[in-house]
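The next block holds one structure in the form of structure tokens; read it before the comments.
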Amino acid sequence: MSLLPLTFSRHVILPKELSKTLPKSKLLSEDEWRRIGVQQSRGWEHYAIHRPEPHILLFRRALGTDPQSGRVDPELERQARDEYKNQFGLLRSK
């Protein structure tokens, strides 16, 4: 069992007035969130609605996602996992 995260996450804060025009119970597709002006690299998924603050969009993306293509690259995934392990001291001593 791995305790390492499989995704990165980020929150995007929209103007509250803009959020009032969005669907209340539907996750946005990439086309939809780009159409309202959210700009970020490829591969991000709107994965949850934070009901107390619907103007905050919650996004996630798999470790190792190529920001140009939006696809997971196995080598980038390995590098991201290694970087995470080093950053948080999770390397096992041999």
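The values are calculated or read from the model by the stated rules, or taken from the named source; none is laboratory data. Treat the numbers as computed from the prediction; the structure is a model and nothing was measured. Note that each Cβ is placed from the backbone with ideal geometry, even for glycine, and that neighbours are counted across all protein chains shown. The accessibility values were calculated without ligands, DNA or RNA, using every heavy atom of the protein model including side chains. Shrake-Rupley method; radii C 1.70, N 1.55, O 1.52, S 1.80 Å.
Where in region 1-80 are the strands (runs of 3 or more DSSP E), entirely inside, with at least 3 residues that are at positive phi?
Of the strands (runs of 3 or more DSSP E) lying wholly inside region 1-80, none has at least 3 residues that are at positive phi.
If you go through region 29-39 one residue at a time, do you hit one that is of a type in the set (Ser, Thr, Tyr), modelled with pLDDT of 90 or more and out of contact with any Lys or Arg (no Cβ under 8 Å at 6 or more places or on another chain)? Step through it out loud before you land on a result.
Initial filter on region 29-39 (of a type in the set (Ser, Thr, Tyr)): 29.
Next cut, modelled with pLDDT of 90 or more only: 29.
Filter once more, so that each one left must be out of contact with any Lys or Arg (no Cβ under 8 Å at 6 or more places or on another chain): 29.
Taking every residue of region 29-39 in turn, at least one turns out to be of a type in the set (Ser, Thr, Tyr), modelled with pLDDT of 90 or more and out of contact with any Lys or Arg (no Cβ under 8 Å at 6 or more places or on another chain).
Taking only region 9-50 into account, find how many residues are closer than 23 Å to Asp73 by Cβ and β-branched (Val, Ile, Thr).
Number of matching residues: 0.
To keep it simple, each residue is scored yes or no on (1) in contact with a Pro (Cβ under 8 Å, 6 or more places away or on another chain); (2) free of Cβ contacts under 8 Å to residues at least 40 places away in the same chain; (3) open to solvent by less than 100 Å² (accessible area, probe 1.4 Å).
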| residue | (1), (2), (3) |
| --- | --- |
| Thr7 | no, no, yes |
| Val12 | no, no, yes |
| Lys20 | no, yes, no |
| Lys26 | no, yes, yes |
| Arg35 | no, yes, no |
| Trp44 | no, yes, yes |
| Ala48 | no, yes, yes |
| Arg51 | no, yes, no |
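Which one of these does Leu58 not meet: (1) modelled with pLDDT under 85; (2) under 17 Å from Arg10 (Cβ atoms)?
Here Leu58 meets the rest and fails (1).
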